[in-house]
Amino acid sequence: IIDRNGNFLAKSVSSVDIGINPLEVINQKKLLLNLGYIFPNKNYEIIKKQLKKNKFFWFEKKISDENYERIMMLGDKSIQAKEKLSRVYPQKNLFSHIIGQIDDDNIGISGLEKSLDKQLKNNKNPTKLTVDMDIQFLIREELIKYNKIFRTKGSTAILMNVNTGEIISLVSLPDFDPNDRSGKFSKKNGSDSPLFNKGVQGLYELGSVFKVFTAALALEEKIVNLDTLVDTSSPIVWGKHRISNYHRLPEQLSFTDVIVESSNTGTSRLAQELGGKRQKEFLAQLGFFESSGVELVEGKNITSQYPANWSEISTMTISYGHGLSSSPLHVATAFASVLNGGLRIRPTLIKDSNKGASKIRIVEQGVSKDLINILYQVVDRGTASAANVYGYSVAGKTGTANKVKSTGGYYKKKNITTFASVFPAEKPKYVLLVTLDEPIVMTGQKSRRTAGWTAAPIASEIIYRVAPLLGIRPHLHNRSHNDLLMVVN
């Protein structure tokens, strides 16, 4: 398996295992002495006990060519060599959740090793992926750095081409070294296990990033334009439920500012006007209720979870990302589909698969342009100002959601934070989504847990570092909002 630039990510190499048949041993003392010269670090008291059992045992696996020659020169009939193919992963943890692992019988048990098992064994040529090793390294490095700063339980980041669906990078932390088959990591820890792919398997309520899809549908159905005034008064009381804005807002905002200021009440009222049936249909068009289609076995049966009774209150809360759980990959894919000009894409890890792009129109091209302009303002003057990148234009949306308890209800001080973005904003080429599990940052004596303080600045650092590698040239100066409007329109 190689990356898009030909770097080896997984490779089969020939190795030799050495075993000893005690029944063939003529001179035990001489045998142990000779082996001691070649393998001085072995515990020969244990070897003596194994010899007494008179049963064949493996003495050393995957020995070097040099040691193999030295052993064969001993000419001892009790020593038996077995040559076999071994799978090695030269990048270690870097692509663990994408590549996966094989077992001792060379059968794929996770990741692409499992889903492409037959293809990998039968193909004479390497399987080329869409991922970029250098970009994967940089993104993983940023996530590790900020995981320590924000004391997160884990995180994930997805970078994807908005037009082709090619995944350039997919990182999930914690991760593991696929060369280690000791079985020390258990799947019993669920989403906290290093084996768990948070980007593909994780199902989370991702909060206000979903307002982008509500905004897209409102523009598509022409119930608003960019300047339409929307009732943002707070709270909305619906039975025993109470919907409020995160911070104090005016009684009315323009439709643009409903998203820029991230108003829960304004988005809820728009969703009420659109209706639950149309909302559900639109989310289905975006792929939320089917598998993402990515080639990883872990993503095969992952679909969004939603209430059995899609009531009016469900329609309202789902409009701002509560009450529906989805994978970060589903959200990144849907984000790209409404911001690439309005065409549905599907994520892919296989280079030149021609699988990702489609001609299925989700929203009109004009709607897509309007959304980009709104989301550029979210970064320029709204909740995602920490996502600004010097020299590059970014359009995106923050999302902060309380974590759901396994027993039902929500934690008050445990959050999932997300920043979903596209860049360069004047003509989006890539979508970047960053999701953090329980981040917290201290500013003075105050703790901050929102995406604007956590996920957004990480995305800014990532874009600043990877944009040049993607061939995106920086602006000589940061563009104003009016400049961007002129370019997009």
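The values are calculated or read from the model by the stated rules, or taken from the named source; none is laboratory data. Being a predicted model, the structure only gives us computed values, none of them experimental. Note that we place each Cβ from the backbone using ideal geometry, even for glycine, and neighbour counts take in every protein chain shown. What goes into the accessible areas is simple: the full protein's heavy atoms, side chains included, and nothing from ligands, DNA or RNA. Shrake-Rupley method; radii C 1.70, N 1.55, O 1.52, S 1.80 Å.
Taking the DSSP beta bridges in the chain as the whole, what percent of them are antiparallel, to the nearest 5? Before the final figure, lay out each step's value.
Numbers: 62 of 64 bridges.
Taking every DSSP beta bridge with both residues in the chain, the antiparallel ones total about 95 percent.
Pair-distance distribution P(r) for the stretch 288-357, from all Cα-Cα distances in 5 Å bins starting at 0: 3, 15, 22, 22, 18, 11, 6, 2, 1 percent. Measuring between their Cα centroids, the stretch 41-114 and the stretch 215-243 lie 63 Å from each other. To the nearest 0.05, how large is the calculated FRET efficiency for K29 and D177 if R₀ is 41 Å and r is the Cβ-Cβ distance? Computed FRET efficiency for K29 and D177 comes out at 0.55.
The fraction of accessible area contributed by carbon and sulfur in the stretch 1-158 is 48 percent, rounded to a whole number (1.4 Å probe; ligands and nucleic acids excluded). Taking the protein heavy atoms of the stretch 185-226 in the context of the full set of protein chains, the accessible area attributed to carbon and sulfur is 50 percent at 1.4 Å. The mean sequence distance of close C-alpha pairs (under 8 Å, at least 6 residues apart), as a share of the length of the stretch 291-408, puts its relative contact order at 18 percent.
For the chain, the solvent-accessible area of protein heavy atoms averages 47 Å² per residue (probe radius 1.4 Å; ligands and nucleic acids excluded). Contact order, relative form, for the chain: 15 percent (alpha carbon pairs under 8 Å, 6 or more residues apart, mean separation divided by residue count).
What trypsin sites (Lys or Arg not before Pro) in the stretch 31-117 are in a loop by DSSP, with at most 13 other Cβ atoms within 10 Å of the Cβ? Please list the in-between numbers first.
Working: sites: K42, K48, K49, K52, K53, K55, K61, K62, R70, K77, K82, K84, R87, K92, K114; in loops: K42, K53, K55, K77.
Within the stretch 31-117, the qualifying trypsin sites (Lys or Arg not before Pro) (loop, at most 13 other Cβ atoms within 10 Å) are K53, K55, K77.
Mean residue ellipticity, 222 nm, helices only, the chain: the sum of -39500 (n - 2.57) across DSSP H runs of n ≥ 4, divided by residue count and rounded to 500, is -9000 deg cm²/dmol. Show log10 I(q)/I(0) for the chain at q = 0.09, 0.13 Å⁻¹, two decimals, from a solvent-free Debye sum over equal Cα scatterers. Debye intensities relative to I(0), on a log10 scale: -0.65, -1.15. For Y430, the amide hydrogen comes within under 5 Å of the amide hydrogens of V162, F423, counting only partners 5 or more places away or on other chains and with H modelled in the peptide plane. Annotation note: trypsin sites (Lys or Arg not before Pro) in the stretch 349-393 located in DSSP loop regions with a Cβ neighbour count of at most 15 within 10 Å are K351. Convex hull of alpha carbon positions in the stretch 51-175: directionally averaged projected area 12.8 nm².
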